[in-house]
Amino acid sequence: MKQINVAVLGLGGMGGTHVGAAKASPYVNKIIGYEPDPERARLRGEELGIESTADLDAILNDPDIALVTIAAINAVHAEQTIRSLRAGKAVLCEKPMAENLADAKNMVAAEAETGIFLQIGFELHYSKMYTTVKDWIDAGLIGTPVNCHCRYYCSEFHLKNTWRSRSKGTMIGEKLSHYLDLQRWFMGSPVEDVFSMHAPNAVTYFNHPDNHQINLRFENDAIANLNFVMHIGETDHTDPLLELLEKQSDDGHFLQYHIFGTKGAIEADVFRRRIRRWEFSDSPKQLVSKIVETLTFPKEEDQVWFHNTHGQNVRVAELVAKGLPPENPATDALETMKVGFAAETSEREKRIVKLSEM
Ligand SMILES: NC(=O)c1ccc[n+]([C@@H]2O[C@H](COP(=O)([O-])OP(=O)(O)OC[C@H]3O[C@@H](n4cnc5c(N)ncnc54)[C@H](O)[C@@H]3O)[C@@H](O)[C@H]2O)c1
């Protein structure tokens, strides 16, 4: 079995997850971490049990490193991706691709120019809750999906004076890009129009709106809506004994998808650890709707069902070691980024934005 060396750029919370996945992969030989500040590089390297450096050029010039995974702050994603691709490294870069559309387009252009592997970390494509929904849709179990609602209400977790609350990017890129990406994936038709609104902030120290209603119309005339508020869910006081999902299931947190089709519907409910499927049938009296499938899962499986970054990264290491192409193309991730930037334009200019404008 061919093994590769992997560099992880950015050793914060998500960098730790990337390192954990690289350690778990049988396709990975050696891992090196990067942080720009030498003291932080040393400290995080020690904590994560890996070699680390503050010298990015040393990583990019090392011919033995085949894969760079980027878990740094959003502002540097584009630059680090493009430099890594040009240095001949395969790249897995966290979402959002970049803080502006021009940079995201430059990343895809660098992939085309170099012909090297680039995948973006929309890891919900590897999370069982959503792959199950996608499988049900692809099997035709709900007919043609015509309407999709995502409602996401959560507690404030960007915190004061962090790169997230000060970011030049927005909540749409940092957070909602996942959920816009899923809506595109589920509906399976290109987005044509975007109309989005945001209301005045509840969290005054954010450099970006904290509540959005994003409406999409797809080429096949299906529609979708994403409704997001970041402040109603009760604040988590990080009690280690707290069973978080149980608490959040009825304290204002809400993350639920409904996909309505011509022959049935699907509901995916994160805080209830549950997916359900309805089937519609005809009868002499009326259209009949019945819940025909319900899946639940234990908390031990949360990571695999909800946010399977680990599984995604393990798989990407395998793809790169075997010389296989990305499973989730960066060109597709760019379409999601366009939808997000179209929503921002729509909010700013208070009008419907055609995706073809982006
Ligand atoms: N896929 C997901 O569900 C998911 C979840 C969380 C975070 N993320 C993404 O992962 C990235 C990191 O988020 P996080 O939660 O780990 O944040 P974090 O604040 O915990 O970590 C960010 C790290 O980047 C480091 N950093 C700063 N400048 C850098 C540079 N120039 N080069 C390399 N590192 C640099 C910081 O020192 C810090 O250690 C973000 O892009 C975020 O959007 C994705």
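Any read-out appearing in this document is the output of simple, stated calculations on the displayed coordinates, not a laboratory observation. Nothing here was measured: the structure is a model prediction, and the numbers come from that model. For neighbour counting, all protein chains shown are included, and Cβ atoms are generated from backbone atoms with ideal geometry for every residue, glycine included.
Once Rh is set to the Kirkwood radius over Cα pairs, what Stokes-Einstein translational diffusion coefficient, in µm²/s, holds for the stretch 4-120 at a temperature of 4 °C and a viscosity of 1.567 mPa s? Translational diffusion coefficient: 93 µm²/s.
Distances between placed amide hydrogens fall under 5 Å for G121 paired with C93, E94, K95, all partners being 5 or more residues away or on another chain.
The amide H of T53, built 1.01 Å from its N in the peptide plane, has G33, Y34, E35 as neighbours under 5 Å, considering only residues 5 or more places off or on other chains. Counting only DSSP beta bridges whose two residues both lie in the chain, roughly 60 percent are antiparallel.
Net charge dipole, the stretch 4-120: roughly 300 debye, given to the nearest 20, about the Cα centre with Cβ charges of +1 for Lys and Arg and -1 for Asp and Glu. For the stretch 212-358, the relative contact order works out to 10 percent when only alpha carbon pairs closer than 8 Å and six or more residues apart are counted. Computed from Cα positions, the angle between helix 128-138 and the longest principal axis of the chain comes to roughly 50 degrees.
Look at the dipole of the stretch 4-120 built from charges on Cβ: of A24, M97, T81, the Cα furthest out on the positive end belongs to A24. Only DSSP H runs of four or more residues enter the estimate; each adds -39500 (n - 2.57), and after division by the residues of the chain the mean residue ellipticity at 222 nm equals -10000 deg cm²/dmol. Computed from backbone phi with θ = phi - 60° and the Karplus coefficients 6.51, -1.76 and 1.60, the 3J(HN,Hα) list for the stretch 84-96 is 5, 4, 5, 7, x, 9, 5, 10, 10, 10, 4, 6, x Hz; x is used for glycine and proline. Per residue, the convex hull spanned by the alpha carbons of the chain comes to 152 Å³.
Here are some pairs, K23/K338; K30/K247; K30/K95; K2/K168; K89/K168; which of them have Cα atoms lying more than 32 Å apart in this structure? In this structure, K23/K338; K30/K247; K2/K168 exceed 32 Å between Cα atoms. Treating the angle as unsigned and between 0 and 90°, give the value, to the nearest 10°, between the Cα long axis of helix 330-349 and the longest Cα principal axis of the chain. In the chain, helix 330-349 runs at an angle near 70 degrees to the longest axis. Between S127, H208, I59, whose Cα lies farthest towards the positive end of the dipole of the chain when Lys and Arg beta carbons carry +1 and Asp and Glu beta carbons carry -1, centred on the Cα centre? The Cα lying farthest towards the positive end belongs to S127. Near the amide H of N147, within less than 5 Å, lie the amide hydrogens of I223, F260, all on another chain or at least 5 residues away, with H placed in the peptide plane. Any idea how far the Cα center of the stretch 249-314 sits from the one of the stretch 117-194, in Å? Value for the Cα centre distance between the two parts: 15 Å.
Of L43, L60, L124, the sequence from fewest to most neighbouring Cβ atoms within 10 angstrom is L43, L60, L124. Here the residues K89, K105, ranked from fewest to most Cβ neighbours within 10 Å of their Cβ, fall in the order K105, K89. Look at L182, L355 and count the other Cβ atoms within 10 Å of each Cβ; fewest to most, that gives L355, L182.
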